[in-house]
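The values are calculated or read from the model by the stated rules, or taken from the named source; none is laboratory data. Every value quoted in this text rests on a predicted model; they were computed, and no experiment measured them. Cβ placement follows ideal geometry from the backbone for every residue including glycine, while neighbour counts extend to all protein chains displayed. The protein model used for the area step is the full one, side chains on, heavy atoms only, and it has no ligands, DNA or RNA in it. Shrake-Rupley method; radii C 1.70, N 1.55, O 1.52, S 1.80 Å.
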Amino acid sequence: MADLDTTLRELAQRFEAAIAAARDEHALDEVRIRFLGRTGELTVVRRGIGALPPAERPTAGKVINVAADAMEARLAAARASLERASIDASLSDSIDVTFSGPPARRGMLHPVRAVMADVAHYFSQHGFAIVLGPEIETDANNFDALNIPPDHPAREGFDSFYLRPDLLLRTHTSPMQVRAMRASGPPIAVIVPGKAYRRDAVDARHLYQFHQVEGLMVGPGIHFGHLKGLLTGMMRELFGPAQDIRFRPSFFPFTEPSAEVDVSCPGCGGAGCRTCSGSGWIEIGGSGMVHPNVLRSVGYDPDGVTGWAFGCGLERIAMKKYDVNDIREFVENKPAFLEQLA
Ligand code: DAH
């Protein structure tokens, strides 16, 4: 038995040396044949079992089998590592991992989205909540509660998409004033960005689906000066510190007094150019002090609280900011337009 152990140990050493010297698959095959083949070294040892005393034969058989299994496993491992090495070698030949690839194409926010985010950011810094409302609205919220009763001529101004006699695609974000005030008591300060719809013919300045941002602040002692200060700050955030705004007397059923909001023209800085039709100003939205009837319609007491509201067209602001002359560009997704923005 001691002889067998010695024989196997020496055989294993020779086997290890042969494996270490094998440089390719073919050489490994030869190692296999030399040790485990029909006339291989281990096979010869196995054949020698017959010459042992019968009592020793089973143990000797087991020891030889264990040695054979170990050698097979070693061969398989050596084969796998040769394979890995040859894959690595072929990769480092053909792929330069330090070579810089083509530049990645970067996306950007849609200009209307970007303006929306800027406005929301500005107002949330000033303590306003950002709220969203449904695009399908009741005509009670879209009109009645905003002091536009059924036969009011202002309804004509909004060419509406009606879904049912009492339901429409909201024509402005203003009905969210009503929902927000009903949902919480005064004081309230909210910003409502979102889509609005009007049955307008599409041209360079009109889309039937567009975006607005509504602002509303109601509480004891809220006055027009708060509106002026915040809107000026918002426009300066969007267009830089030199930006001016002005209010022009106007009429909206849901505000009294009412004012249209203009921003000084970026193209000419107020001197007058084609963009602003020579006036030096661009109209961007409407505003005013919330009408007492609107406060009443949501259960607020007009003797206890006052407030202002405004509504701006986001496409209008984006056109000015990105120097876009045709509002249709925002929805046509023409590569040339998008690439020039990026
Ligand atoms: N809702 C108006 C529109 O779409 C814009 C507007 C005017 C909103 C005055 C207001 C406001 O909140 O006070 O034309």
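Figures for the structure shown
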| item | result |
| --- | --- |
| Gain upon complete extension [Arg328, Ser81; 0.36 nm per residue less C-alpha separation] | 82.7 nm |
| Partnerless Cys - the chain, beta-carbon criterion under 4.7 Å | Cys312 |
| Cα gyration tensor category, rounded, prolate or oblate, for segment 191-274 with a/c compared to 1.5 | oblate |
| Rounded to 10°, Cα long-axis angle of helix 111-125 versus longest principal axis of the chain | 80 degrees |
| Prolate/oblate/rounded call for segment 2-91, Cα gyration tensor, a/c under 1.5 rounded | prolate |
| Inter-part distance where segment 1-57 and segment 206-220 are each reduced to a Cα centre, Å | 89 Å |
| With all protein chains modelled, accessible area of Phe161 [1.4 Å, Å²] | 60 Å² |
| The chain: angle of helix 224-239 to the longest principal axis, Cα-based, in degrees nearest 10 | 40 degrees |
| Cα centroid separation, segment 183-199 to segment 222-259 (Å) | 17 Å |
| Intensity falloff of segment 220-342 expressed as log10 I(q)/I(0), Debye formula with alpha-carbon point scatterers, at q = 0.15, 0.16, 0.23 Å⁻¹ | -0.77, -0.84, -1.27 |
| Using a Förster distance of 41 Å, the FRET efficiency for Arg296-Ala336 (Cβ separation, nearest 0.05) | 0.20 |
| Heavy-atom accessible area ranking, 1.4 Å probe, most first, across Thr232, Thr39, Thr275 | Thr39, Thr275, Thr232 |
| Residues of type aspartates and glutamates that Lys62 reaches as a straight line, Cα spacing below 17 Å, ignoring anything fewer than 8 places off in the same chain | Asp3, Asp5, Glu41, Glu72 |
| P(r) of the chain over all Cα-Cα pairs, binned every 20 Å from zero, in whole percent | 23, 31, 8, 12, 19, 7, 0 |
| Largest to smallest accessible area among Arg170, Arg106, Arg316, Arg155 [probe 1.4 Å] | Arg106, Arg316, Arg155, Arg170 |
| Nearest 10 degrees, 0 to 90: helix 2-21 Cα axis against the chain principal axis | 50 degrees |
| Per-residue [θ]222 nm for the chain (sum of -39500 (n - 2.57) over DSSP H runs n ≥ 4, rounded to 500) | -13500 deg cm²/dmol |
| Gained length - His121 relative to His152, 0.36 nm times residue gap less alpha-carbon distance | 7.6 nm |
